[in-house]
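> Right, I'll just put the structure down here and ask away after.
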Amino acid sequence: MILTDGEILNSIEKGEIKISPFLRSALGSNSYDVHLGKTLATYNDAVLDAKNHNQITYFEIPEDGFVLEPSQFYLGVTLEYTETWKHVPFLEGKSSVGRLGIDIHATAGKGDVGFCNHWTLEISVKKPVRIYAEMPIGQLIYFKTEGPLINSYHAKASAKYNAITPFPVESMMFKNF
């Protein structure tokens with residue numbers, strides 16, 4: 001079951017969902033719009049290696065915007081810090097963003113109960129497009145869970161993305177080897 005705007009607000013009041021900063025105007029009928037943070041990152045190497053820690057370089061989006069190129073893969077981050085304690089959050093692109101040819105995640109659209117952080121975005125584009133910090137970039141949809149939670153994400157020893165940061169985070173796949 002997907003939470004409605006009223007249920008999202010109730011869950012925020014109960015402390016089951018946290019969104020910071022929270023803008024009432026970003027609350028949709030059954031989702032919450034998240035915005036692009038000011039920092040992007042790109043990988044330093046042309047060839048990435050799943051067994052190695054691939055380094056990234058951070059840069060800020062200028063006030064007059066930044067043109068994303070189809071030949072490049074970008075890591076972005078949501079302006080919003082979120083926590084979810086009883087629901088499974090899904091991050092999806094906004095249709096207006098998709099209609100500009102921007103994909104905001106390659107495979108990682110589902111969060112876990114207990115995820116507490118900014119969301120790293122896996123951004124690619126079909127053609128050059130200028131983007132801006134703080135523009136709406138996606139929407140969080142919350143699904144109700146059923147049954148007792150045994151292993152919350154923030155408490156898992158194997159969780160690789162627990163370090164709270166307002167910057168994009170590179171792949172930690174190398175930690176699986």
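> Answer yes or no: is there a residue in the stretch 43-55 that is of a type in the set (Ser, Thr, Tyr), modelled with pLDDT of 95 or more and surrounded by 14 or more Cβ atoms within 10 Å (Cβ to Cβ).
Yes, some residue in the stretch 43-55 is of a type in the set (Ser, Thr, Tyr), modelled with pLDDT of 95 or more and surrounded by 14 or more Cβ atoms within 10 Å (Cβ to Cβ).
> Let me ask something additional. Pairs please, first residue from the stretch 88-106 and more than 21 Å from Gln72 (Cβ to Cβ), second anywhere and modelled with pLDDT under 95 and in a strand (DSSP E or B), Cβ atoms under 7 Å, 6+ apart in sequence or on different chains.
Listed pairs, sorted by first residue: Val88/Lys110; Phe90/Lys110.
> Kindly indicate whether Ile12 is of a type in the set (A, V, I, L, M), touching a residue at least 60 places away in the same chain (Cβ under 8 Å) and either under 26 Å from Ile131 (Cβ atoms) or not in a strand (DSSP E or B) (or both).
No: the conditions fail for Ile12.
> All but one of (1) in contact (Cβ under 8 Å) with a residue 24 or more places away in the chain; (2) acidic (Asp, Glu); (3) surrounded by fewer than 16 Cβ atoms within 10 Å (Cβ to Cβ) hold for Glu146, so report the exception by its number.
Just one mismatch for Glu146, condition (1).
> Let me ask another. Could you identify the single residue in Gly65, Gly37 that is crowded, with 18+ Cβ neighbours inside 10 Å, touching a strand residue (DSSP E or B) at 6+ places or on another chain (Cβ under 9 Å) and not hydrophobic (A, V, I, L, M, F, W, C)?
Only one candidate qualifies: Gly37.
> Would you mind stating whether Leu121 is surrounded by 15 or more Cβ atoms within 10 Å (Cβ to Cβ), out of contact with any Pro (no Cβ under 6 Å at 6 or more places or on another chain) and aliphatic (A, V, I, L, M)?
yes
> In the stretch 83-136, how many residues are of a type outside the set (Lys, Arg), modelled with pLDDT of 95 or more and in a loop (DSSP other than H, G, I, E, B)?
Total meeting the criteria: 8.
> Can you go through Asp64, Asp49, Asp45, Asp33 and tell me which one is over 29 Å from Asn176 (Cβ atoms) and more than 19 Å from the chain's Cα centre (by Cα)?
Exactly one of Asp64, Asp49, Asp45, Asp33 is over 29 Å from Asn176 (Cβ atoms) and more than 19 Å from the chain's Cα centre (by Cα), namely Asp64.
The values are calculated or read from the model by the stated rules, or taken from the named source; none is laboratory data. It should be emphasised that the depicted structure is a prediction, and the values quoted were computed from it without experimental measurement. Cβ sites come from the backbone with ideal geometry, for glycine too, and all protein chains shown count toward neighbours.
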